[in-house]
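Taking it in order: structure first as structure tokens, then the write-up.
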Amino acid sequence: MTLEPAARGLSAPARSALWSIALAVVAGATLVLSLWAAAWPVLPGDVASARWLQMHPFPFSRELAHAINMLGYAPGAISITVVFAGLLVWRGHPRPAAVILGTLPLRLLPSALKAIVDSPRPTPDIVEVLESPADPGFPSGHAFGAVLVFGLLWWLAPRLARSQLASRALRALALCLILATGYSRVLVGAHWPSDVLGGYLWGLLVLLPLLRVAARLETGAGKETGTEGGNARTR
């Protein structure tokens, strides 16, 4: 399985057009938000939404935020990526595993974007700040990385799971981890909500081509397997 059932029902040109439209929409939204963040120190709605979220925590939210935030830093991110790739190899999918490992150098992209946009992080005089890295805030590197890795986990869940129920559970987990990452960054005051949204958009902008590459690699692997099987039968 390389594509979702709805997409598999479309012709190849239709799938290509749909993918191009999706990429163009995400690219446009990403560019607009990035330019807006570069022009305005704090975007409309950032302060109100960050304060509301911090004033309405759920039980154990700070403990969860701490755990999720630790996963987004280099040691946790590398560990998750390597384990994920290893599971794919174990399940017989080495090519998607290579795509997963390829996300590691891509995690450097937010650092370059932060230097260009140069948008300030939240400050203690406006919201509660429990974590304040020294670099600029937009886009959130944690949110970017979560979309890359857990987005690929969502897409590759059927390859990892042994049943449809397990596949759906993995996909639900992937979506929850993406959302929890953004929530955690705002809860501890490390980012404005617009920083998180920017991380999501930039992550999606990179994720879409990665999914395209992974799909083509799997299609190529399937063709090679079929050719080898046909050759074996003719001997």
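Any read-out appearing in this document is the output of simple, stated calculations on the displayed coordinates, not a laboratory observation. These figures come from a predicted structure and were not determined experimentally. In this analysis, Cβ positions are derived from the backbone assuming ideal geometry, glycine residues included, and neighbour counts consider all displayed protein chains.
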By the Cα gyration tensor axes a ≥ b ≥ c (a/c under 1.5 gives rounded; else a/b larger than b/c gives prolate, otherwise oblate), the shape of region 138-187 is oblate
Between region 129-157 and region 20-38, how far is it from one alpha carbon centroid to the other, in angstrom? 17
Lys and Arg at +1, Asp and Glu at -1: add these up for the other residues within a Cβ distance under 15 Å of T103 and post the number. +3
Quick one: grab the alpha carbon gyration tensor of region 25-76, order the square roots of its eigenvalues as a ≥ b ≥ c, and give me rounded if a/c is under 1.5, else prolate or oblate depending on whether a/b is larger than b/c. oblate
Suppose R0 equals 22 Å; then what is the FRET efficiency for W40 and D125 from their Cβ-Cβ distance, rounded to the nearest 0.05? 0.75
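What's the extension gain from A14 to D118 if we count 0.36 nm per residue and subtract their Cα-Cα distance? Don't skip to the answer; put the middle values down first.
Working: separation 104, 0.36 × 104 = 37.44 nm, distance 3.92 nm.
Once the chain is fully extended between A14 and D118, it gains 33.5 nm.
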To the nearest 20 debye, region 87-149 has a Cα-centred charge dipole, built from +1 on Lys and Arg Cβ and -1 on Asp and Glu Cβ, of 520
Over the chain, what is the mean sequence separation of C-alpha contacts under 8 Å (at least six apart), divided by residue count, expressed as relative contact order in percent? 28
Can you work out the Karplus-derived ³J(HN,Hα) for every residue in region 144-157? Use 6.51 cos²θ - 1.76 cosθ + 1.60 with θ = phi - 60°, whole Hz, and x for glycine or proline. 4, x, 5, 5, 4, 6, 6, x, 5, 4, 4, 5, 8, 3
Relative contact order as a percentage, region 71-120, C-alpha pairs under 8 Å and 6+ apart, gives 27
Dimensions of the chain along principal axes (Cα, Å, largest first)? 77, 36, 29
